[in-house]
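The values are calculated or read from the model by the stated rules, or taken from the named source; none is laboratory data. Quick caveat, the model's predicted, so the values are computed rather than measured. Note that we place each Cβ from the backbone using ideal geometry, even for glycine, and neighbour counts take in every protein chain shown.
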Amino acid sequence: MLLAVGRIGRAHGVRGEVSVDVRTDDPAARFAPGAALGTENAGTLTVETVRTHAGRLLVRFAGIEDRTAAEELRGLLLLVDSTEIPPSGDPEEFHDHELIGLAAVATDGTALGEIVDVEHHGQDLLVLRRPSGDDALVPFVSAIVPTVDVPAGRVVLDPPAGLLD
């Protein structure tokens, strides 16, 4: 499974740098010089230089030498293979790809749907696809998600009244 670790933003300056919207917990490893990142349709990009500027990550990729070439990359997702990401080692921490695809059940065993995505907006949110096809956002906190059992392929949800309505 390919995982997005970033999205290329606008060009910065005239020497081929781009801003990157980081979507990984370990940007130092993912965006280290020499790191190869896949894309949706532009092949593999190799990180040449990386720095921060005004709170943003600026990256220059090998072969991208000017602003015009950098602008052509805008909007591309930067991808890695999930097999390249080691387990966290903490039983209370999960990578997004470990959660996506898990069945969601209520504390009484009632099927609630499937986790189809994880969003990060200051608060981690599980995107639950309900059997009806609608999506619900579930805060990923222990009071609402008391059990995550990756080997069994399920999460147990104890949502407060109205959360899934």
Considering each residue of the range 80-89, count those that are surrounded by 14 or more Cβ atoms within 10 Å (Cβ to Cβ) and modelled with pLDDT of 85 or more, and give that number.
-> 1
With the first residue restricted to the range 125-144 and required to be in the same structural domain as Ala103 (by TED's automatic domain parsing), and the second required to be of a type in the set (Lys, Arg), Cβ contacts under 8 Å at 6 or more apart or on different chains are Asp135/Arg129; Ala136/Arg130
For the range 58-79, name all the residues that are crowded, with 18+ Cβ neighbours inside 10 Å and either out of contact with any Asp or Glu (no Cβ under 8 Å at 6 or more places or on another chain) or of a type in the set (Val, Ile, Thr) (or both).
-> Val59, Ile64, Leu73, Leu78
Looking at Asp66, Asp108, which is the one that is over 24 Å from Leu2 (Cβ atoms), not assigned by TED's automatic domain parsing to the domain that holds Val141 and not hydrophobic (A, V, I, L, M, F, W, C)?
-> Asp66
Candidate set: the range 137-155, residues that are buried (at least 17 other Cβ atoms within 10 Å of the Cβ) and farther than 20 Å from Leu3 by Cβ; chosen: the one nearest to the chain's Cα centre (by Cα) = Val138
Residue that is farthest from the chain's Cα centre (by Cα) [pool: residues in the range 95-136 that are among the charged types (D, E, K, R) and closer than 15 Å to Val148 by Cβ] | Glu114
In the range 56-91, the residues that are without any contact (Cβ under 8 Å) to a residue 40 or more places away in the chain and under 30 Å from Pro146 (Cα atoms) = Thr83, Glu84, Pro86, Pro87, Ser88, Gly89, Asp90, Pro91
